[in-house]
Amino acid sequence: MSLLIFKAMADDTRLRLINILLHYELSVNELVQILDMGQSRVSRHLKILAEAGLLTHRRDGLWIFYSAPANGSQRDFLNAVMPFVTKNGIMARDQDMAARVIEERVRKTRQFFNSIADNWDDLNHEILGDFDLAGRIVRAMPKGCAVAVDLGCGTGAILKSMQSRTARAIGVDGSARMLDLCKCRMLPEDMAKGNVSLRIGELNHLPLADHEANFACINLVLHHLARPEEIFAEIQRILSPGGTLFIADFIRHSDESMRSRYGDHWLGFDPEDMKSRLTAAGFEIISTDSHPVGKNLVLFIIVAKSCRG
């Protein structure tokens, strides 16, 4: 096995791939763009590295994404060996290109949501139908909640409902147009008194102070993020000790139309995997359930509690 690993690394292109994928999870097409090589050539090198256990991959619908192993002996090996690999100008350029690819993903996502903001409530109704997601969220909110935040609040339909159960409601979204529509939904006096606060920002760098919120919800948002697990650490940071997190998202499916019509990056998730990621991030799972919704999709709901101070 060790010979297979060293053979896999004995190639400049494969070292470039490892250097990139230690930091990012990227699709084959994105790697083709970064390396400026043909797809068949890049795919061949990826296959060699994956067979040696130096890369992992996941299939999401028609797309395949590659990254270095997150842990285990192969990750330990890469962490030990890669510092001794000479980082030439090409590798530095690769890193810059990969960062630009990720930035472009974020820009396109923001642009997409700005463009569909006016139709967002109708699009949501296509999926949820008569399922009362806002009611489920309000019932999960703790009594006497001082500050509640809706992460990826969109046009504010759920945030408006949350006001009945909290002294202060905060909505965060990366789309300026979404927040404009959200503001129109709120009473001017609530905005003036600070009972409602709307903040623009990315969900992996939340515009909230440490331990600012007692309750956070993130609904039909994680599947739009390139690295959903990154946000759990941020939610831990902004939640008070023992604060409640409510997650609603789709169970894994194969409807590719969701990418173009709704801007989805992931075609749903495995709830057990999501629970494991939450537990690893310091959350205690309180409850889980699932509900069929429109377009033959199934919504899973997880309520968790922050176990970190």
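The values are calculated or read from the model by the stated rules, or taken from the named source; none is laboratory data. Note that the structure is a prediction, hence the values are computed from the model and not measured. Please note: Cβ atoms are built from the backbone with ideal geometry, for glycine as well, and neighbour counts cover all protein chains shown. Side chains included, ligands, DNA and RNA excluded: accessible areas come from the protein's heavy atoms. Shrake-Rupley method; radii C 1.70, N 1.55, O 1.52, S 1.80 Å.
Observations, loosely collected:
- Among the criteria (1) more than 20 Å from residue 4 (Cβ to Cβ); (2) in a loop (DSSP other than H, G, I, E, B); (3) in contact with a helix residue (DSSP H, G or I) (Cβ under 8 Å, 6 or more places away or on another chain), the one residue 53 does not fulfil is (1).
- Extreme residue, nearest to residue 307 (Cα to Cα), among residues of segment 211-231 that are at pLDDT below 95 and open to solvent by less than 10 Å² (accessible area, probe 1.4 Å): 231
- Qualifying positions in segment 104-125 - open to solvent by less than 70 Å² (accessible area, probe 1.4 Å) and under 25 Å from residue 296 (Cα atoms): 109, 112, 113, 116, 117, 120, 121, 123, 124
- Residue within segment 269-286 that is out of contact with any Cys (no Cβ under 6 Å at 6 or more places or on another chain), in a loop (DSSP other than H, G, I, E, B) and either of a type outside the set (A, V, I, L, M, F, W, C) or within 27 Å of residue 115 (Cβ to Cβ) (or both) present: yes
- When the criteria are applied in full, residue 182 meets the requirement of being open to solvent by less than 20 Å² (accessible area, probe 1.4 Å), at pLDDT below 95 and either outside any helix (DSSP H, G or I) or not hydroxyl-bearing (Ser, Thr, Tyr) (or both).
- Odd one out for residue 128 among (1) in contact with a Cys (Cβ under 8 Å, 6 or more places away or on another chain); (2) among the hydrophobic types (A, V, I, L, M, F, W, C); (3) open to solvent by 20 Å² or more (accessible area, probe 1.4 Å): (1)
- Segment 1-50, residues that are charged (D, E, K, R) and either open to solvent by less than 80 Å² (accessible area, probe 1.4 Å) or part of a helix (DSSP H, G or I) (or both): 7, 11, 12, 14, 16, 25, 30, 41, 44, 47
- Residues in segment 147-176 that are open to solvent by 50 Å² or more (accessible area, probe 1.4 Å) and either in a strand (DSSP E or B) or acidic (Asp, Glu) (or both): 167, 168.
- Some residue of segment 165-183 being charged (D, E, K, R), closer than 20 Å to residue 278 by Cβ and touching a residue at least 24 places away in the same chain (Cβ under 8 Å): no
- Residue 270, sole failed condition from (1) open to solvent by 10 Å² or more (accessible area, probe 1.4 Å); (2) within 15 Å of the chain's Cα centre (by Cα); (3) in contact (Cβ under 8 Å) with a residue 24 or more places away in the chain: (3)
- Pick from segment 251-267, criterion open to solvent by less than 20 Å² (accessible area, probe 1.4 Å) and touching a strand residue (DSSP E or B) at 6+ places or on another chain (Cβ under 9 Å), ranking: nearest to residue 109 (Cα to Cα): 264
- Inspection of segment 89-97 finds no residue satisfying the criterion of being surrounded by 14 or more Cβ atoms within 10 Å (Cβ to Cβ), in a helix (DSSP H, G or I) and within 20 Å of the chain's Cα centre (by Cα).
- Test for residue 94: is it in contact (Cβ under 8 Å) with a residue 60 or more places away in the chain, under 21 Å from residue 227 (Cα atoms) and charged (D, E, K, R): yes
- Checking each residue in segment 208-253 for being in a helix (DSSP H, G or I) and in contact (Cβ under 8 Å) with a residue 60 or more places away in the chain picks out 224, 231, 235, 236, 238.
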